[in-house]
Each structure stands twice: as structure tokens, then as C-alpha cells.
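Structure first, then comments.
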Amino acid sequence: MNEQNQEKGKGKQQENTDEKKEDIKKDDLKQEQPKSADKNQEYLKIVDDLQEKLKKSEEEAALLKDSLLRKQADFDNFRKRMIREKEDTVKFANTNLLIDLINIIDDFERAINSSQDSKDFDKFHEGITLIEKRFVSLLEGKWNLVRFDSSNAKFDPEMHEAVMVEKKAGLNEPVVAEVFQNGYILNSRVIRNAKVKVFMPEEEQPVNEAAEDASGEEAE
């Protein structure tokens with residue numbers, strides 16, 4: 001009997017111990033559940049924050065892309081406009097000069113019409129001379145195109161083109177003898193050489209040859 005009672009007591013103690021363990025587990029689970037819920041809330045908040053940042057980044061990227069496309073379009077338009085302006089500059093660079101030439105043409109037309117009516121050659125010649133002087137004055141004063149005088153000037157290959165050459169005694173250096181076509185200077189640069197006839201100095205006879213010639217003449 002005593003042994004049975006002892007076994008029963010041990011069984012009850014074991015049951016009580018098992019019940020206590022289960023209660024402890026339940027308490028632990030109850031404590032862990034709020035912690036897990038808090039962590040889940042934190043994770044959800046982090047995800048929401050990341051999604052918000054991603055959305056803002058995507059919006060900023062879209063704005064930057066739009067701005068870049070606009071600037072690229074503006075640059076393309078600017079480049080095309082510059083090309084057109086450059087082409088127009090080249091096309092119409094001589095507009096002012098051509099307007100001046102048109103005015104000279106008007107003068108020629110008036111002189112021609114006047115000569116047809118009057119048949120006066122002297123008057124026509126006078127009119128043409130006045131037009132030529134006006135034209136030269138216009139080119140010099142407005143366009144810096146100067147016609148240089150080469151008559152009796154020292155021959156300069158930078159300014160003159162010798163189309164005829166003739167030797168002449170008594171000269172120390174080549175000299176322009178006649179001008180066939182005038183030369184012109186634009187802003188201190190020769191743009192057309194004058195075509196001229198040149199007198200070249202005759203070659204002097206060497207002293208030794210002159211002495212031999214003299215002795216030969218004496219021997220004769």
C-alpha cells in the first residue's frame with residue numbers, strides 16, 4: 001500500500017511539473033507574440049519608406065529626363081539656327097558692295113542713254129571719266145581697295161608681274177617702263193599684281209675681259 005501511495009504521489013508531482021512547464025511555454029509564447037507583431041510593424045514601415053523613396057526617385061528621374069530632352073531640343077534648334085545664319089552670312093556677305101556696284105551701273109546706264117540722245121562723244125567721254133573717278137574713290141574710301149601707281153617705280157616682284165622685259169643701259173636696278181594693267185591693294189595686302197614692262201640694267205663687262213679687249217685692239 002505504501003508503495004502504491006508513493007507511486008501515486010510521484011505521478012501527481014510529475015503531472016504538476018508538466019503542467020507548470022506548459023504554463024511557462026504559454027507565457028513565453030504570449031510574450032513573443034507582441035514582439036513579433038512589433039517587428040512586423042517595423043518591417044512594414046521600412047518597406048513603406050523605401051517605396052516612398054523609390055517613388056520620389058522615379059519622379060525626379062522623370063523630371064531630369066524631361067529637362068534633358070528639352071535642353072537637347074533647344075541645343076539642336078540653336079545649332080540649326082547658327083548654321084542658317086552662317087549660310088546667310090556667306091550668301092549675303094557682299095550685299096553692301098553689290099549695292100554700291102549697282103549704283104555705278106545706274107551711272108553707266110544714264111551716260112549711255114544720254115549719249116544716245118545727244119550723240120555727243122566728248123560729253124559721253126566726260127561722263128564715263130567721272131564715273132570711273134567716282135568708282136575708284138568709292139573703292140578706296142569705303143572698301144580700302146587702293147589702286148597703286150607703278151609708273152617709273154622700282155620693280156618689285158611682290159607688287160609687279162613682268163610680262164615684257166627689255167635691257168637698257170645706264171640703270172642700276174630694274175625699273176617699270178610701262179603699265180599694262182594696274183595693281184590693287186586691299187587692307188595693306190596686294191590682291192592683284194600690276195602687269196608691267198620692265199627695263200633691266202645691261203650686264204657690265206668684267207674688268208679682265210675689258211683689259212683683254214683693249215690689249216687686242218692695241219696689237220692690231
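I need the full set of residues from region 77-135 which are aliphatic (A, V, I, L, M) and under 23 Å from V146 (Cα atoms), in order please. Don't jump to the end; show me each part of the working.
So in region 77-135, the residues aliphatic (A, V, I, L, M) come out as 82-83, 90, 93, 97-99, 101-102, 104-105, 111-112, 128, 130-131.
Listed by number, the residues that qualify are A93, L97, L98, I99, L101, I102, I104, I105, I128, L130, I131.
Among V179, V165, which is surrounded by 15 or more Cβ atoms within 10 Å (Cβ to Cβ) and modelled with pLDDT of 90 or more? Show your work before the answer.
Details: V165 fails: surrounded by 15 or more Cβ atoms within 10 Å (Cβ to Cβ).
The unique qualifying residue is V179.
Take the conditions loosely packed, with under 11 Cβ neighbours inside 10 Å, polar (S, T, N, Q) and in a helix (DSSP H, G or I) and apply them to S114. Does it pass? Reasoning before the result, please.
Numbers: loosely packed, with under 11 Cβ neighbours inside 10 Å: no; polar (S, T, N, Q): yes; in a helix (DSSP H, G or I): yes.
When the stated conditions are applied, S114 does not pass them.
Only one residue in K195, K142, K133 is within 44 Å of the chain's Cα centre (by Cα) and at pLDDT 95 or above, so which one is that?
Values: K142 fails: at pLDDT 95 or above; K133 fails: at pLDDT 95 or above.
Just a single option satisfies the conditions, and that option is K195.
Hey, can you tell me all the residues within region 127-154 that are among the hydroxyl-bearing types (S, T, Y) and under 21 Å from E178 (Cβ atoms)?
Here is the first cut: in region 127-154, the residues among the hydroxyl-bearing types (S, T, Y) are 129, 137, 150-151.
Residues satisfying the conditions are S150, S151.
Part of a helix (DSSP H, G or I) and surrounded by 10 or more Cβ atoms within 10 Å (Cβ to Cβ): which single residue out of D74, D122 fits that description?
Values: D122 fails: surrounded by 10 or more Cβ atoms within 10 Å (Cβ to Cβ).
Residue meeting the stated conditions: D74.
Return the total of residues in region 129-153 being over 22 Å from V190 (Cβ atoms) and exposed (fewer than 14 other Cβ atoms within 10 Å of the Cβ). Let's see the steps before the verdict.
Step one: of region 129-153, the residues over 22 Å from V190 (Cβ atoms) are 129-131, 133-134.
If we keep only those that are exposed (fewer than 14 other Cβ atoms within 10 Å of the Cβ) as well, we get 129-130, 133-134.
Here the count works out to 4.
Got at least one residue in region 94-101 being outside any helix (DSSP H, G or I), under 30 Å from I185 (Cβ atoms) and not β-branched (V, I, T)? Break it down stepwise before answering.
Start the filter on region 94-101 by keeping residues that are outside any helix (DSSP H, G or I), which leaves 94.
Adding the requirement that they be under 30 Å from I185 (Cβ atoms) leaves 94.
Next, from what is left, pick out any that are not β-branched (V, I, T): 94.
Within region 94-101, one or more residues are outside any helix (DSSP H, G or I), under 30 Å from I185 (Cβ atoms) and not β-branched (V, I, T).
The values are calculated or read from the model by the stated rules, or taken from the named source; none is laboratory data. This structure is a prediction, so every number in the text was calculated from the model and none was measured. Ideal geometry is used to build each Cβ from the backbone, glycine not excepted, and the neighbour counts take in all protein chains shown.
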